[in-house]
Structure formats: C-alpha cells, structure tokens
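Shown next, in structure tokens, is the structure this report addresses.
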Amino acid sequence: MANSYGHTVKAFDEDLTQLRGLVAEMGGRAENAISGSIEALVRRDLEGAAGIVQEDRRIDEINAEIERHVVRLIALRAPLADDLREVLAALKIGGLIERMGDYAKNIAKRVPLIAEAANVEPLSILPPMASVVSNMVHDALDAFAARDPVTAQQVCETDRTVDDFYDSMFRALLTHMMENPTTITSATHLLFVAKNLERIGDHATNVAEMVYFAATGEQLGERPRGADALAATQR
Amino acid sequence: MARTSRILLIGLAIVLTGVALAAELPRALTVAIALAAGLIAMRALRRTAVEDDAAPAAELALAAQATSAAELAAILQAIDEPLLVVEGRRVAQANAAARAVLGEHIVEEDARVALRHPAAADRITGAAPGDRPIELVGIGERDRRWELRVHPLGPTQRLVRLADRTGVYATERMRVDFVANASHELRTPLAAILGLIETLEDANGPGDETVRARFLSVMLKEARRMQRLIDDLLSLSRIEADKYRAPQDRVALAPLAAEVADACRAGAAEPPKIMLDVAPGLPDAAGDRAQLSQLLHNLVGNALKYGKPGGPVRIAIKAPSPGMLSLAVADEGDGVPPEHLPRLTERFYRVDPGRSRAGGGTGLGLAIVKHIVERHRGRLDIASAIGKGTTVTVLLPQATVEVLGERLSA
C-alpha cells in the first residue's frame, strides 16, 4: 500500500496524499451541501439555499484540480497496481462527488419555488430520507479515508432503503396531487427533490464501489434491484 | 557554532512557552508544553557543560529536534483530548484519543482526509485564519458535536484540538426544553382561570348563582393545579440542591408506608384498597423522612391514578440483600408500553398527556421520585406488563450502626 512502505520517490507519496486530501475536502463540501439544502428546504431558508448554490462553484473547482492532478500524476509517475487503482478511483470519485454537489445545488435552487410546500404532507418523508442519504455519503467518504472495503460494502447495501423511501415518496405525492390539484407545482418540485436524493444515494453507492475496488482490486457484484415505482403504480 | 544552536534551543523553549500561554490552551496543555520547553532548555544547558563546543552545531540541533519530537509525542499521548499536529497539510502526529475518534489511518494522511469539514480544511491549512472555534457535527459518531481550534506552533506546524461538546449541547437543549415545558404547564391553568374570570364579570345577576358556583370551583381546581406544579418544581430544586449530601436519619419504612396509605385513603369518598405487605424484623432505612414520604405519596398516587379504579395497590417492603431495603408499589392497571419506560422519569414526560392532565398530574412525580432515590444512593426500577400492571421498586440503603453512632456523638 502506498502509505505502509512509502515509495522510493518521496514526492510520489506526497502527490498521492495531496490527491486524497483534495477528494476528501470535496467530499466534505458535498456532504455539507446535501444536509444544508434539505435543512434550507424544511426551514424555507432562502439565504441558506443561495449560499449552497454559491458554494457549488468551489466543488467544481476542486474537481478540475483533481483532474489536472491525476493527469500529471499518471504522466510523471506512471503508477502501477494499487497506486494506479487509487489514482483512478480518486478521479472517478471526484466526478461522482461533483454530480452529488450538483444534485444538492438543484435541491437548493428549488427552495424558493416550493413556497407553499408546508401544505404538502409528504414533505415530512424528506428529512428522514435525507438523513439516510447523507449517512450513506458520510460512510462512503469515511470508507475512502480509511481504505475500508467492509464499510464500503455496507454502504452499497443501504441503497435499497433509499430506493424504498423514494417509492413511498412517489406514491404519497401522486395521491396528494390527485386530491389537491392546487399544490401540483410544489408537489412536482418535491418529487424532483426526492429523485435528486435518490440519485445522490446511487452515487454514494458508486463511490463505495470505487473504494472497494481501490482497496481490494475486485469489483463488487451487481446489486439486486427493487421493483420499479412506475410499474408498481400502473398495476 | 554550538553556542548559537544553544541560544536557538533556549529561544525555542521560550517561544513555545509563550505560544502556549498566548493561545489560551487548557491549563493541562499549557503546563505540558511549558514542561517540554523546560526540558529542551535544560538539555541545551547540560550539553554546554559536558560537551562544550565539541559537537558540531548541526548534529546537536538535529538531536535536540529528535528528542523534542519524541517528548512532544509523549506529551500528546498523555492528554485524553483528541489532538493532531499538522505539518503543512500532512498529519504528523495524532494522539490515541484522536486516532480513536478519526480512525487509525489518519497519521501521515492529508489533514483534509482526517477532518472532512470545509471550514476545518481552510482553517487547518491556514487559508482562513481566525480565533473563533469551528463547530463540527458527525465526526466519529453521527450525532457527536465537536469544537475545533487550531493553534500555530511554528511556520508550518499547527496544533489541532478537538473538544467534545456533545454533553454541553444536550444540556443546553434540555434547559431550553425545560423552560418551554414549564411555561406551557404553568400557562394552561392560568388561561382557564383568566377565561372564567372574564365570564364571571358578566354572570353576576341573581339567577346566575349556580353558574358562579361552578365557575368558582373550576377556578379553585385550576389554581390548586398551578400550586401543585410550583410546589413540585420547588421540591425538585430543593432535592437537587441537597444531592451531594446523603441523608443520615433512621427511617422506619413500615409505619411511614402505613401513614401514607392512610392519607391516600382519607381524601377519597370511596376509600381505595391499599394493601401493605411488610416482612417481619426489618431494619430502618438511612434516609430523609420527609423526602421518603413524598416518594411514597407520588408512587401510591400514581398507582391509584393509573391503576384499576378502586385498587388494589400493593406496597411491599423487604430486605432482598444485605445492607439494602426494597420498597415496591404495584398496581393492577393497564401497564406502560415498553417504549415509554426509559423516558418515564423525564420532567414533564407523559405516556398519555390528556389522561395525566385530567387526573391533575404535574408530569413531575416520577422525576421527583428519581431525584429522591438518587440522593439516597438507592436504585429505581420500573417494570410493567401491558394489561397486568406496573411495579415500581425502590432500593434503599439500610441504616447502619455507624449512622446511629455518628448521631450519638454529634
């Protein structure tokens, strides 16, 4: 492993450490954006939501920095075996976290549009769903920091819970819209928020899969999928 | 050459002490750093005596650096607050507490891998200096709260300190909850009284006799409820004030229980069935008679309120183990669902708010019981079976011969 023996070229170690640092910082910012956007939504905090939209720029910047770093590292050091896996994983995880940041930003952007969401009952499903999702992101990043394949595998298993949450949110919102056509605008935005959360959960799973791959050199098996929410309601 | 290095070392020692004092570190940490500084200075001085100018300056400085690093590590290990030494961006050292919270992998990692918080990253790398601590949530366990402070140790070296604020935060939330609950409980009867007074102003004709009488009786009931609540709050604070002094009087539990049972029977139009079951030849308990009487009143009162109407309520007093006495109050009511059991002794916690308020409860009865038991160095156990009833058991220490001896000599 890179950090147990160290490389002959000390600068290589430093490059790898810095790369991991960048990924972790980016992850921390994305985590903050996810929990912050849901909090802003529930509290109807327009300023907080605007702040999250602003902060997303920094996440994009760090992602670009990671990409430059990885290209330079591959060109100069020609990493092999676990080093190569680690560098590739960092590159892919950077891309995934960037997407998570975008989803969080998208949720924050919807906050001013969901002004009358207080009347939409299924709103109460969002905070517990968001807490499951941010736990997943947190654990996936912890697994990355500790190079821990066991935690990574657990994160992948949690994804089912998020999918279940999304299904129940979907059904609850559909019922709500049928009964209260005046709130359809808000309810639709909430549906997108739930979908964003569900996508963040998927990306956290992908991060965990990359962590597992970087740590063990093996791919995690295909996850079993739950029933499709659309298909279920058509029955 | 060696002289300059000596001067440098002593200078370093002084600077270290100065930094420790200026950075307002906790006392233990300041002392530790001052100690390390002293050791460095001593070493430098001793070298002058033994080696004089023989050793090359560079070597000497290197050796001193190595020993001071080892000493710093030893000092960090001795402190049980999570501490990190960060060099540039790399975590150079982490003590055992920090590794327990952040994971074993953090040493030699980038500081941002160890602490993933955006504000923390800026502070640690020196991008955003500041004196205000940063609040971090969810390091280690998800609901732990930390306060992060960064103290510069040198041009690139920084000491990162994490202070656990979980307890402080919980206490603060409890205080806010308590104030909100207490005000709500006090306001409810007051609102009823005010409303009735307003209505009474209009109902003063000769034909309103019965209405007046009914309203006045409700007002009296509500005022009494408020009085009970304030009494309970007062006795709670009195018990809490006394909690560090264990009560030393000898109290015979059996007569006390009989007294309380009589008092509870006396109030009601139809006396409830309260049965006493006392093992023969019991020693006295070490306790405070007034507080134990209040404890019994609260427990029997609860048993009558939430038990089967009319009883029976059983009070059993035994000596289950040497040195202890047990006092159990059992009813045959509906019981308490298990998920409520751990929270029963919280202030203002109610299983069924409507029923408890209708029965004139303040929501403080079991909280008072718990505090009394704690002051008596006893134990409280609540067992409940749905549909069968609830048994509250209190374990109290027996009065020993020494207690009597102390009283005689005092």
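A few notes on this one:
- Relative contact order (%) - chain A, alpha-carbon pairs under 8 angstrom, separation at least six: 25
- Under 14 Å from B:Lys318, Cα to Cα: aspartates and glutamates that are on another chain or at least 8 residues apart: B:Asp277, B:Asp284
- GNM flexibility winner over chain A from A:Asn196, A:Asn106, A:Asn180 (Cα, springs under 10 Å): A:Asn180
- Most mobile listed residue (A:Glu55, A:Glu31, A:Glu198) in chain A, GNM with C-alpha springs under 10 Å: A:Glu55
- Residue among A:Leu84, A:Leu197, A:Leu76 with the largest mean-square fluctuation in a Gaussian network model of chain A, springs linking Cα atoms under 10 Å: A:Leu76
- Reachable lysines, given that their alpha-carbon falls under 16 Å from the alpha-carbon of A:Lys109 and they are not under 8 places away in the same chain: A:Lys195
- For the stretch B:148-249: relative contact order, % (alpha-carbon pairs under 8 angstrom, 6 or more apart): 20
- Of B:Lys243/B:Lys273; B:Lys221/B:Lys273; B:Lys243/B:Lys388; A:Lys10/A:Lys92, pairs whose Cα-Cα distance is over 31 Å: B:Lys243/B:Lys273; B:Lys243/B:Lys388
Bear in mind these aren't lab numbers, they're just calculated from the coordinates by the rules spelled out. Bear in mind that the values here come from a model prediction, so they are computed numbers and not experimental data.
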